[in-house]
1. Which angle between 0 and 90 degrees, to the nearest 10, do you get for helix 32-46 versus the longest principal axis of the chain when only C-alpha atoms count?
2. Normalised by the residues of region 166-265, what does the relative contact order come to in percent, with Cα pairs under 8 Å and at least six apart?
3. So what is the relative contact order of the chain, in percent, for Cα pairs below 8 Å that sit 6 or more residues apart?
4. Could you tell me how many degrees, from 0 to 90 and to the nearest 10, lie between the Cα long axis of helix 284-293 and the main elongation axis, the longest principal axis, of the Cα atoms of the chain?
5. Counting only helical runs of four or more DSSP H residues, what would the 222 nm mean residue ellipticity of the chain come to if each run contributes -39,500 (n - 2.57) and the total is spread over all its residues?
6. Starting with the highest mean, order 95-106, 286-297, 54-65 by the number of other Cβ atoms within 10 Å, averaged over the residues of each peptide.
7. Give me the aspartates and glutamates in straight-line cross-link reach of Lys23: C-alpha distance below 17 Å, same-chain residues under 8 apart excluded.
8. Gain in length, Ala6 to Arg45, computed as 0.36 nm per residue apart minus the alpha-carbon separation, to one decimal in nm?
Amino acid sequence: MLRENANDLLAFLVVARERSFTKAAAKIGVSQSALSHTIRGLEARLGLRLLTRTTRSVSPTEAGERLMQTIGPHVEAIEFQLAALSDLRDRPAGNLRINATDYALDCLLRPKLKAFMLQYPDINVEVCCDYGLVDIAAHGFDAGVRLGESLADGMIATRIGPDMRMAVVGSPEYFARFPAPDSPRDLTTHRCNNLRLATHGNLYAWEFERDGESLNVKVTGQAIHNGVYPLLGAAVDGLGLSYIPEDLCAPYLADGRLVRVLEDWCPAFAGLHLYYPSRRQPSPAFTLLLEALRYTPD
């Protein structure tokens, strides 16, 4: 029974985690129809429906959720032990998956990953970019990269970047048409470029603090994006004000393509962290990556 169902159980686990036959099929490397046939065969042998399918989503049934919670930790333990066998090789090896934003990849991860991957050619690193606060364990990631205050419970976090500041910026053309805001409250009368948060679908409220006073301002405008790079472009194009990382817009401020406002309302805050589940023992490959990314102040 185990031999017959082992591969089918692994396929079910991927579908249940991804909540999508399309994504699961791509990850496993089979066709969507073949994967669907595999799951139907498993359900027929068990006499239970494991997944609820709609035209837009896939979700585990009560039986499927129970099966996922039961076999998931054992599969992770097996994967860890297989990865640990790399200790027996001359060179460390393994596959690592990281969830991060495009900003974190471009400004922080990519420069360090270049040296790391050249040093350890048998360690493969996959980086998936999105702005959603996904459950990294449930989606098969070894770690995630987020701001310090965004970390979920039960996670171990290692700082991999310096403190950060946000900046409110607009083009000279924009400020030729509209007066600069004196206070974050004035932003409600301005055209602002919004960030749509993938996790909840809400628009991000801009955060400010000065002299012990904290303000979260919900802004409005024509442009809405799901990443900071389009927000930078929208500001440069004169479509409105954008709230983006200070280092991202620094070259544009230096050459005059952008103008900064409300700088005294944007204090420094905890920078980027690499985080991973506290219950999972890091593999040798992951430990090496962790040390390569660890932040060391100058």
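A short reminder: the numbers here are calculations on the coordinates, not readings from a lab. Predicted model only: the values in this text are computed from it and were never measured. Neighbour counts are summed over all protein chains in view; Cβ atoms, including those assigned to glycine, are modelled from backbone coordinates with ideal geometry.
1. 50 degrees
2. Numbers: 187 pairs, mean separation 43.8, N = 100.
About 44 percent, as a whole number.
3. Details: 473 pairs, mean separation 62.9, N = 298.
Value for the chain: 21 percent.
4. Approximately 0 degrees, to the nearest ten.
5. -11000 deg cm²/dmol
6. Details: 95-106: 19.3, 286-297: 15.0, 54-65: 12.8.
Per-residue mean Cβ counts within 10 Å order the peptides as 95-106, 286-297, 54-65.
7. Hits, sequence-local ones excluded: Asp8, Glu126, Asp130, Asp135.
8. 12.8 nm
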